[in-house]
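Peer 1: Before I ask anything, here is the structure I am working with.
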Amino acid sequence: MCLFLGGSAKQFADLFIYLAYFCFVKQRLLLFDTILDGHHPEYLIHLIGYYSSRPEVDVIVATGASFQATFAKRQAAEQLVWGGNIQFYPIQEQLIVKGNIFLRSLREWNLMLSIAKETDASQAMLMYMDYFPLGAILGKKAEIPVAGISFRPPHQIQGAFDFIKHKIWQSMLASGQISTVFSLVHAAVPLINTLANGNRALALADPVIQLPVSATQIADFRLRHGIPSDKKVYLNFGQLDQRKGIEAFLTACKQLSGSDLRAMCLLLAGPIESNYAAKIDQLLEKLPDLHVVKLYDYLHYPTVELCFEVADVVLVTYQGHLGMSSVLIRAALVGKPVIGTCHGTIGATIEAYELGKSLEPFNAVDFAQALQGALHTNAIKQAELVRQNSVEAFTLTIAQGIESLY
């Protein structure tokens with residue numbers, strides 16, 4: 001038979017061992033994430049759900065200890081499943097580096113490899129790989145394939161910072177440490193492949209699901225939180241920090257009359273640091289006519305869905321953020337218009353899918369005009385954006401991308 005195949009007995013034996021290993025040895029996938037704010041838990045939950053139905057793959061979820069409590073809170077409400085093949089590996093808080101991005105990149109890269117070795121992982125997945133280029137270049141050698149999700153991949157060079165980022169990514173990809181890059185910024189895929197000198201990047205959906213809520217739930221939500229039905233509700237949702245454009249919105253509101261402001265309601269929904277909340281309160285004191293509702297907490301079903309249902313306009317006015325935002329997709333799910341930054345992927349997506357108005361958030365006059373003007377959307381294009389960013393598209397792209405390396 002070996003002669004018939006044109007190979008030696010040793011080659012045939014090696015092939016048999018190779019096939020036996022990859023067909024009969026159970027694969028073990030490490031999901032590594034030390035960030036638990038924003039929608040990072042969502043990505044982990046989607047992959048846990050997918051692989052819970054794939055018992056032939058063991059999954060180790062290595063993340064902050066608080067994630068298990070987050071999952072438990074949502075499990076009953078959303079019928080989440082944690083399969084018997086899913087193992088939780090809590091990362092102690094003192095091992096997570098805060099502040100120095102260079103130190104974090106190196107230490108957490110080495111930590112990921114240490115956990116991979118301890119848990120006998122055959123493949124690792126960095127859920128936020130943008131922290132790790134320097135770690136991959138300078139850190140320990142990976143003995144298994146390592147893939148990663150990029151939220152902020154390199155884009156076309158516009159200055160010195162972009163040039164340096166190109167060189168760092170080029171070195172990272174040349175090191176052989178990163179096998180596959182899943183890019184949430186689809187337009188960056190050709191550039192990443194060029195830097196990698198090969199096809200190493202895949203476009204990744206930004207997954208969002210919409211769970212059902214009733215008219216009664218919506219009415220109760222309005223009543224419980226004092227959200228008026230006779231005012232236009234502007235929603236700013238997510239991790240409420242300086243990137244989110246809250247200050248730009250309030251600056252634009254200063255351009256409006258008292259009667260205009262009395263017709264508006266600002267809904268701030270998401271976790272916020274106490275010092276930044278105090279700063280926002282100081283700014284709000286200068287706008288007494290603006291009705292403000294604050295839901296300062298990590299929000300889950302059905303509160304997230306209810307926030308978008310009661311909103312008339314969704315704000316996506318990020319500052320200094322060139323990547324994608326799932327807030328755009330949540331708005332499209334419920335057919336609500338957005339006012340968002342004109343920069344980066346957010347601005348391009350608003351324009352391409354006719355989701356509302358893109359603008360420069362720092363231009364208070366233009367922002368104020370957008371708050372008072374009509375916002376036009378295209379329902380067909382909104383539906384297309386939602387379809388492209390389904391949970392199924394997200395999980396299958398990752399599964400096919402990493403399993404092709406086994």
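Peer 1: When the Karplus curve 6.51 cos²θ - 1.76 cosθ + 1.60 is applied with θ = phi - 60°, which whole-Hz ³J(HN,Hα) does each residue of the range 216-228 get, with x for Gly and Pro?
Peer 2: Result, ordered by residue: 5, 4, 5, 5, 5, 5, 4, 5, 5, 9, x, 9, x Hz.
Peer 1: Moving to a separate point now. How far apart, in nanometres, would the label points at Lys286 and Phe161 be if each is projected 7 angstrom from Cα along the Cα-to-Cβ direction?
Peer 2: 2.5
Peer 1: Expected output is a single nm value to one decimal: the length gained when fully extending between Lys279 and Asp241, i.e. 0.36 nm times separation in residues minus the C-alpha distance. What is it?
Peer 2: Details: separation 38, 0.36 × 38 = 13.68 nm, distance 1.07 nm.
Stretched out fully, the Lys279 to Asp241 stretch lengthens by 12.6 nm.
Peer 1: Separate question: For a label point 7 angstrom out from the Cα of Arg224 toward its Cβ, which stretches of the range 270-302 have the backbone nitrogen within less than 15 Å?
Peer 2: Correct set: 270, 294-302.
Peer 1: Looking only at Thr341, Thr317, Thr119, which one moves most when the chain is put into a Gaussian network model with springs between Cα atoms under 10 Å?
Peer 2: Thr119
Peer 1: Give me the extension gain from Gln79 to Asp312: residue separation times 0.36 nm, minus the current Cα-Cα distance, reported in nm with one decimal.
Peer 2: Working it through step by step, the gained length comes to 81.0 nm.
Peer 1: Can you work out the Karplus-derived ³J(HN,Hα) for every residue in the range 133-144? Use 6.51 cos²θ - 1.76 cosθ + 1.60 with θ = phi - 60°, whole Hz, and x for glycine or proline.
Peer 2: The phi angles translate into x, 5, x, 5, 6, 9, x, 5, 6, 6, 9, 10 Hz.
Peer 1: Next question. Using R₀ = 35 Å, calculate the FRET efficiency as 1/(1 + (r/R₀)^6) where r is the Cβ-Cβ separation of Ala187 and Leu138; round to 0.05. If you can, show how the numbers build up before the last one.
Peer 2: Values: r = 29 Å, r/R0 = 0.83.
Plugging the Cβ-Cβ distance into 1/(1 + (r/R0)^6) gives 0.75.
Peer 1: Please give the length that would be gained between Lys26 and Ala72 if that part of the chain were fully extended, namely 0.36 nm times their separation in residues minus their C-alpha to C-alpha distance (nm, one decimal).
Peer 2: Working: separation 46, 0.36 × 46 = 16.56 nm, distance 2.72 nm.
Gain on stretching Lys26 to Ala72: 13.8 nm.
Peer 1: Straight-line reach only, C-alpha to C-alpha below 20 angstrom: list the lysines that Lys279 could link to, leaving out same-chain residues fewer than 8 apart.
Peer 2: Answer for Lys279, where 20 Å is the Cα cut-off: Lys244, Lys254, Lys294, listed by chain and number.
Peer 1: Taking the Cα centre of the chain as origin and charging only Cβ (+1 Lys, Arg; -1 Asp, Glu), how large is the dipole, in debye to the nearest 20?
Peer 2: The calculated dipole for the chain is roughly 440 debye.
Peer 1: Something else about it: Once you charge only the Cβ atoms, +1 for Lys and Arg and -1 for Asp and Glu, what is the size of the charge dipole of the range 215-388 about its Cα centre, to the nearest 20 debye?
Peer 2: Values: 16 positive and 18 negative charges, 20 e Å.
Roughly 100 debye, rounded to the nearest 20.
Peer 1: Just rank Trp82, Trp169, fewest to most, by other beta-carbon atoms within 10 angstrom.
Peer 2: Fewest to most other Cβ atoms nearby, the residues stand as Trp82, Trp169.
Peer 1: Among Phe161, Phe367, rank each residue by its count of other Cβ atoms within 10 Å, from fewest to most, as a rough exposure measure.
Peer 2: Fewest to most other Cβ atoms nearby, the residues stand as Phe161, Phe367.
Peer 1: Then there's this: Test of understanding: ordering Leu202, Leu267 by Cβ neighbours within 10 Å, fewest first, what list do you get?
Peer 2: So the ranking, lowest neighbour count to highest, is Leu202, Leu267.
Peer 1: What aspartates and glutamates could a cross-link reach from Lys117, if we take a straight Cα to Cα line under 18 Å and drop same-chain neighbours fewer than 8 places away?
Peer 2: Cross-link targets: Asp33, Asp58, Glu108, Glu143.
Peer 1: List the trypsin sites (Lys or Arg not before Pro) in the range 183-275 that DSSP assigns to loop (not H, G, I, E or B) and whose Cβ has at most 15 other Cβ atoms within 10 Å. Which are they?
Peer 2: Hits after loop and neighbour filter: Lys254.
None of the figures in this text is laboratory data; all of them are computed from the coordinates on show. These numbers were taken from a predicted model, which means no experiment stands behind them. Glycine gets a Cβ as well: all are built from the backbone with ideal geometry, and neighbour counts include every protein chain shown.
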